Amino acid sequence: MTLRRLMLTFALLPLVAVSAQGQTNNLGPQSSAAAPAPYPDTREGLRQLLRDILAAVHAGENQKVDAFVKNLILPEYKAWFVKVFGPLEGDRLAFEYLKDLFEFEGRTQLLFVTAARYDVLEVEVRRLPDTTEPISGYLKAILAAMKETQPLYQALLRKSGTTTAMPLGYFVYADGGFRRIGLGVLGALSTLPPPPERIRVGGAVQKPKLIYKVRPQYPTPPKTDGIQGTVTLQAIITQDGTIGELKVLAGHPFLVDAAVAAVRQWRYTTTLLEGKPVEVVTSIDVIFTLSR
């Protein structure tokens with residue numbers, strides 16, 4: 001953790017302390033923030049919102065994109081998680097959401113910018129539990145943990161004419177708008193099923209299963225200074241082929257952030273063991289070379 005982020009963490013911790021009256025201060029924007037446009041609490045409403053964000057990215061309307069992304073933050077996340085999941089689980093999820101907020105805007109914008117760059121135009125949305133499609137045990141456990149039932153949306157951005165998809169996380173409708181919850185936040189629920197079986201696979205063996213790759217953007221100062229090299233990461237690939245955890249094993253510190261930002265968006269085909277999906281621990285080398 002960088003010194004700046006460590007200082008931010010200690011500076012912000014008092015803001016999430018619960019007072020004697022049970023009130024909480026939050027980092028997210030207040031509910032008075034105006035949404036860029038009204039979108040109904042429906043599958044089509046979320047689909048239209050995501051299409052509008054992609055259109056703004058394509059048009060280079062940066063301020064509009066910023067406004068869209070800021071409005072995807074839960075305005076009163078502490079109160080919302082406690083209301084929906086109860087005090088114990090709500091506190092746990094609110095803390096995970098707080099940690100995610102440090103990179104929320106940058107990571108969310110990067111998802112849409114990458115999608116626009118690769119012409120990811122098809123938007124798929126599921127509204128749970130209002131769906132006829134099969135629901136995994138993991139999602140059933142999330143829905144069962146809710147003390148106050150709330151529709152939970154899943155959204156994917158799919159590259160036209162391919163099976164390659166970018167999961168955007170979960171969405172809920174709160175304070176008059178759609179709010180995004182990162183994939184890892186709800187994973188902090190204590191009532192979820194035991195972690196899936198995990199196997200270790202060499203990087204060379206796992207590489208052919210890569211179906212969606214985002215090249216890292218060469219940071220300007222290192223590129224100008226002629227800095228090259230390889231960043232080696234240890235990755236946990238989840239059962240659905242998305243990147244779970246990432247750990248930096250080696251690499252120039254000026255290149256690490258760009259490598260991590262790119263690899264977080266990579267997608268793999270599901271790995272099966274005796275016919276069942278498993279998680280994979282593998283190593284990934286991201287090479288930065290000026291001759292590329």
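The values are calculated or read from the model by the stated rules, or taken from the named source; none is laboratory data. Here the structure is a predicted model, which is why all the values come from computation and not from measurement. A quick note on method: Cβ atoms are made from the backbone with ideal geometry, for glycine too, and the neighbour counts reach across all protein chains shown.
Some notes on this structure:
- A search for C-beta distances below 6 Å between a residue of segment 53-73 that is more than 19 Å from R180 (Cα to Cα) and any residue that is part of a helix (DSSP H, G or I), counting only pairs 6+ apart in sequence or on different chains, returns H58/A116.
- Search result, residues across segment 137-152 that are under 21 Å from the mean Cα position of the chain (by Cα), modelled with pLDDT under 90 and not in a helix (DSSP H, G or I): Q150
- The residues in segment 245-255 that are surrounded by fewer than 18 Cβ atoms within 10 Å (Cβ to Cβ) and either of a type in the set (A, V, I, L, M, F, W, C) or assigned to a strand (DSSP E or B) (or both) can be counted, and the count is 7.
- Qualifying residue in segment 63-72 (condition: modelled with pLDDT under 90 and of a type in the set (K, R)): no
- Pairs linking a residue in segment 254-275 that is closer than 21 Å to T289 by Cβ to a residue that is of a type in the set (K, R) and surrounded by fewer than 19 Cβ atoms within 10 Å (Cβ to Cβ), with Cβ atoms under 6 Å and 6 or more positions apart or on different chains, are W266/K213.
- Matching option when the condition is farther than 30 Å from Q150 by Cβ and out of contact with any helix residue (DSSP H, G or I) (no Cβ under 7 Å at 6 or more places or on another chain), among V201, V231: V201
- Some residue of segment 97-107 being within 19 Å of the chain's Cα centre (by Cα), of a type outside the set (F, W, Y), over 27 Å from P216 (Cα atoms) and at pLDDT 90 or above: no
- Check on L272, surrounded by 13 or more Cβ atoms within 10 Å (Cβ to Cβ) and either within 30 Å of L143 (Cα to Cα) or not acidic (D, E) (or both): no
- Cβ-Cβ under 6 Å pairs, at least 6 apart or on other chains, segment 167-193 side assigned by TED's automatic domain parsing to the domain that holds A144 and buried (at least 16 other Cβ atoms within 10 Å of the Cβ), far side assigned to a loop (DSSP other than H, G, I, E, B) and among the hydroxyl-bearing types (S, T, Y): D175/S31
- Residues satisfying the stated conditions in segment 224-250, i.e. over 25 Å from E279 (Cα atoms) and free of Cβ contacts under 8 Å to residues at least 40 places away in the same chain: T224, D225
This table checks each residue for (1) part of a strand (DSSP E or B); (2) closer than 27 Å to S136 by Cβ.
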site	(1), (2)
V205	no, yes
P222	no, no
I227	no, no
A261	no, no
P277	yes, yes
V286	yes, no
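- Residues located in segment 42-53, provided they are in a helix (DSSP H, G or I) and surrounded by fewer than 21 Cβ atoms within 10 Å (Cβ to Cβ): R43, E44, G45, R47, Q48, R51, D52
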